[in-house]
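Quick notes on the structure that follows.
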Amino acid sequence: MEIVQKIKEDILTNQLPRGIPLRQVTLSYRYGVSRIPIRDALVALKAEGWLVPNGKAGVMIPDLNWKEAEDLSLMRAELESLLFSMAFDSICEENIEQARLFLAELDQENMSLVTRGELNWQFHSALYFAANRPTLQRVVEGLNAQASRYLGFQYGPLAYRETSQDQHQELLALIESKEKDAALALLRRHIEQAGYLLTQYLKTVTAG
């Protein structure tokens, strides 16, 4: 697992402290690499929203809060529904088969949270790809990348994995039966329901 992925996994599993500056020398020792790949990893993580500036040149892991989680859910619901609507009539059997492969991988046990988040996006991306709207798809991918910071809650205390997988299967069935309105409604519910549960949970355990 590359350094960026290792740091993400340690963030998701609370192995790295939130709200405290991350030191390159400490991370270099922790992961057994020089400071150059650590520096590059921190730049990449900052660009993805996993880290925020601290002081003049430092970074730290931001606290999680319900407002950010809710905002990400609201934006995803609107933009992914739009992208899916654009894609729906052009989704072919190859797209569906790709999505099924990612879905099958998501059923595997003993998988890191980072990998699970990436596979979840790849499942959705395989369906959205048919829209042929790369700019919109990049924006949606960025929102999913930011939302993946909350996977520890969704796959942990919220136990949302089985529900999510069931909805993924139902979505594919609706695509295959050409039920566009029902598929669009399910996708929006899929995103909004998970976002609502996460937001309500975060209100009880985090500040802000």
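The values are calculated or read from the model by the stated rules, or taken from the named source; none is laboratory data. Keep in mind that this is a model prediction, so the values were computed, not measured. Cβ sites come from the backbone with ideal geometry, for glycine too, and all protein chains shown count toward neighbours.
Of the numbered criteria (1) closer than 24 Å to TRP66 by Cβ; (2) in contact (Cβ under 8 Å) with a residue 60 or more places away in the chain; (3) not acidic (Asp, Glu), the one LYS180 fails is (1).
Just need a number here: residues in the range 8-24 that are in contact with a helix residue (DSSP H, G or I) (Cβ under 6 Å, 6 or more places away or on another chain), in a helix (DSSP H, G or I) and under 25 Å from ARG116 (Cα atoms). So the count comes out to 3. The condition of being in the same structural domain as LEU113 (by TED's automatic domain parsing) and either small (Gly, Ala, Ser) or crowded, with 18+ Cβ neighbours inside 10 Å (or both) holds for GLU80.
Across the range 60-73, not a single residue is classified as basic (Lys, Arg), surrounded by fewer than 18 Cβ atoms within 10 Å (Cβ to Cβ) and either in contact with a Gly (Cβ under 6 Å, 6 or more places away or on another chain) or free of Cβ contacts under 8 Å to residues at least 60 places away in the same chain (or both).
Scan PRO17, PRO53, PRO37 and give me the residue that is outside the structural domain of HIS190 (by TED's automatic domain parsing), more than 21 Å from ILE191 (Cα to Cα) and in contact (Cβ under 8 Å) with a residue 40 or more places away in the chain.
None of the other options fit; the residue is PRO17.
Looking only at residues in the range 87-122 that are among the polar types (S, T, N, Q) and part of a loop (DSSP other than H, G, I, E, B), the one that is modelled with the highest pLDDT is SER90.
Within the range 81-120, the residues that satisfy the criterion of being under 14 Å from GLU141 (Cα atoms) and either under 13 Å from the mean Cα position of the chain (by Cα) or of a type in the set (A, V, I, L, M, F, W, C) (or both) are LEU82, LEU83, PHE84, GLY117, GLU118, LEU119, ASN120. Within the range 25-42, can one find any residue that is touching a Leu at 6+ places or on another chain (Cβ under 9 Å), closer than 20 Å to GLU141 by Cα and either part of a helix (DSSP H, G or I) or not basic (Lys, Arg) (or both)? Checked against the condition, which is being touching a Leu at 6+ places or on another chain (Cβ under 9 Å), closer than 20 Å to GLU141 by Cα and either part of a helix (DSSP H, G or I) or not basic (Lys, Arg) (or both), the range 25-42 yields at least one hit.
In the set (1) at positive phi; (2) in contact (Cβ under 8 Å) with a residue 12 or more places away in the chain; (3) not polar (S, T, N, Q), the condition left unmet by PHE153 is number (1).
Kindly indicate whether any position in the range 46-55 is modelled with pLDDT under 95, assigned to a helix (DSSP H, G or I) and surrounded by 17 or more Cβ atoms within 10 Å (Cβ to Cβ).
No; the residues of the range 46-55 include none that is modelled with pLDDT under 95, assigned to a helix (DSSP H, G or I) and surrounded by 17 or more Cβ atoms within 10 Å (Cβ to Cβ).
Inside the range 140-197, residues that are in contact with a helix residue (DSSP H, G or I) (Cβ under 6 Å, 6 or more places away or on another chain) and small (Gly, Ala, Ser) make up a count of 6.
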